[in-house]
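Asker: The structure's right below; bear with me while I get my questions together.
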Amino acid sequence: MSRTAADPPIALVLLDIDGVLTAGEGKPLDLDLLATLAGMNRRARADPRRPAVTLCSGRPAPYVEVLQQGIDGHMPAIFENGAGLYVPQPYGFFPHPRLQGVGLLPEVRTAIERGLVDRGLAFIQPGKIYSLTLFATDPSQTRLLREWTLEALGPLAKEVQLVYSSSCLNVLPPGVDKGQGASFLSERTRIPLQAMLAVGDSDVDLPLLDAVGHSAAPSNAEAGVRNSADFVADRPTADAVRDILTHYGLLR
């Protein structure tokens, strides 16, 4: 998104989880950082002029909800790479309007289970409704997941988008991504996209970084993400979040 001097100040920070807020699946949480973000959210509730923090993740809704509690988040959060919003108050989960309330085609899941899971090549991350996330059984074969999935799906491949994150392959509904999720969030909160700062690390984050007014990445981000972001931190993951918030004058 193009930016001008007239753009509003940052009102909302959107953080990816794996590769940004945390080092990834199975890695420990930085509890000090979560406490810092919770403090930002408490100050934002007391003074709406202060920026709040929320999440924009490919993770399923229950995981996003738990981490929102960890940062004392009161703003809606994006789950399943833009497929839906978790809203703390009034409590609810809302699919993106483009999905019209239906999940990923059952035929897609069945084809992937037969072509990859049953053959021991990959497993599906549990808990998702509107999308699938595939992990290679042998992590060194992660980059083969796209080829395997296209072969397994055959003509069904036209019904989905295949987008990599750092450690997995996302099978997404067409026309829904993190950028569309941010637009849905903007409509819900009435916070303009230009007033959002997003932090991401992998290809699936690129539509988000392009949609908002300010974008940043940790040092561990993929090359395309580093090239796209307005600011790239010198450190990875949680330490990068601290550096990014400091760079934008949000952490004092």
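The values are calculated or read from the model by the stated rules, or taken from the named source; none is laboratory data. Predicted, not measured: the structure shown is a model, and the values here were computed from it. All Cβ positions, glycine included, derive from the backbone under ideal geometry; neighbour counts span all protein chains shown. Note: areas computed on protein heavy atoms with side chains; ligands, DNA, RNA excluded. Shrake-Rupley method; radii C 1.70, N 1.55, O 1.52, S 1.80 Å.
Asker: Has the stretch 56-63 got at least one residue that is over 20 Å from the mean Cα position of the chain (by Cα), farther than 19 Å from SER202 by Cβ and at pLDDT 95 or above?
Answerer: Within the stretch 56-63, none of the residues are over 20 Å from the mean Cα position of the chain (by Cα), farther than 19 Å from SER202 by Cβ and at pLDDT 95 or above.
Asker: Quick check: anything in the stretch 140-147 in contact with a helix residue (DSSP H, G or I) (Cβ under 6 Å, 6 or more places away or on another chain) and either buried (at least 22 other Cβ atoms within 10 Å of the Cβ) or at pLDDT 95 or above (or both)?
Answerer: No, there is no match, as no residue in the stretch 140-147 is in contact with a helix residue (DSSP H, G or I) (Cβ under 6 Å, 6 or more places away or on another chain) and either buried (at least 22 other Cβ atoms within 10 Å of the Cβ) or at pLDDT 95 or above (or both).
Asker: Restricting the first residue to the stretch 90-110 and requiring it to be more than 16 Å from SER183 (Cβ to Cβ), which pairs with a second residue that is exposed (fewer than 15 other Cβ atoms within 10 Å of the Cβ) and modelled with pLDDT under 95 meet a Cβ separation below 7 Å and a spacing of at least six or different chains?
Answerer: As it stands, the answer is LEU105/GLU159; VAL108/GLU159, since those pairs meet every condition given.
The rows are residues; the columns are (1) out of contact with any helix residue (DSSP H, G or I) (no Cβ under 8 Å at 6 or more places or on another chain); (2) part of a strand (DSSP E or B).
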position	(1), (2)
PRO9	no, no
GLY24	yes, no
ASP32	yes, no
ALA35	yes, no
ARG43	yes, no
ARG49	yes, no
LEU55	no, yes
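Asker: Give the residue, chosen from LEU185, LEU197, that is part of a helix (DSSP H, G or I), within 18 Å of ILE17 (Cα to Cα) and aliphatic (A, V, I, L, M).
Answerer: Going through LEU185, LEU197 in turn, the sole match is LEU185.
Asker: Output the residue which, of all residues in the stretch 149-176 that are more than 25 Å from VAL64 (Cβ to Cβ) and open to solvent by less than 40 Å² (accessible area, probe 1.4 Å), is nearest to the chain's Cα centre (by Cα).
Answerer: ALA157
Asker: Could you grab the pairs with beta carbons closer than 8 Å, sequence gap of 6+ or different chains, first residue in the stretch 184-196 and in contact (Cβ under 8 Å) with a residue 12 or more places away in the chain and closer than 21 Å to ALA216 by Cα, second one open to solvent by 20 Å² or more (accessible area, probe 1.4 Å) and among the β-branched types (Val, Ile, Thr)?
Answerer: LEU185/ILE191; ALA195/ILE10; MET196/ILE10
Asker: Let me ask you something else. Check whether at least one residue in the stretch 75-90 is outside any loop (DSSP other than H, G, I, E, B), of a type in the set (Val, Ile, Thr) and open to solvent by less than 10 Å² (accessible area, probe 1.4 Å), and report yes or no.
Answerer: Checked against the condition, which is being outside any loop (DSSP other than H, G, I, E, B), of a type in the set (Val, Ile, Thr) and open to solvent by less than 10 Å² (accessible area, probe 1.4 Å), the stretch 75-90 yields at least one hit.
Asker: In this structure, does ARG42 turn out to be out of contact with any Asp or Glu (no Cβ under 7 Å at 6 or more places or on another chain) and not hydroxyl-bearing (Ser, Thr, Tyr)?
Answerer: Considered against the rule, which asks whether it is out of contact with any Asp or Glu (no Cβ under 7 Å at 6 or more places or on another chain) and not hydroxyl-bearing (Ser, Thr, Tyr), ARG42 comes out as no.
Asker: Then there is this: Identify the residue in the stretch 15-45 that is of a type in the set (D, E, K, R) and crowded, with 16+ Cβ neighbours inside 10 Å and, among all such residues, is modelled with the lowest pLDDT.
Answerer: Result: ASP18.
Asker: Give me the residue from the stretch 127-139 that is modelled with pLDDT of 95 or more and open to solvent by 50 Å² or more (accessible area, probe 1.4 Å) and, out of that set, nearest to VAL204 (Cα to Cα).
Answerer: So, considering only residues that are modelled with pLDDT of 95 or more and open to solvent by 50 Å² or more (accessible area, probe 1.4 Å), the one nearest to VAL204 (Cα to Cα) is PRO139.
Asker: A further question on this structure: If we only count helices (runs of 4 or more DSSP H) wholly inside the stretch 200-252, which ones have 2 or more residues that are open to solvent by less than 10 Å² (accessible area, probe 1.4 Å)?
Answerer: Once the helices (runs of 4 or more DSSP H) in the stretch 200-252 are filtered for at least 2 residues that are open to solvent by less than 10 Å² (accessible area, probe 1.4 Å), what remains is 206-211, 237-247.
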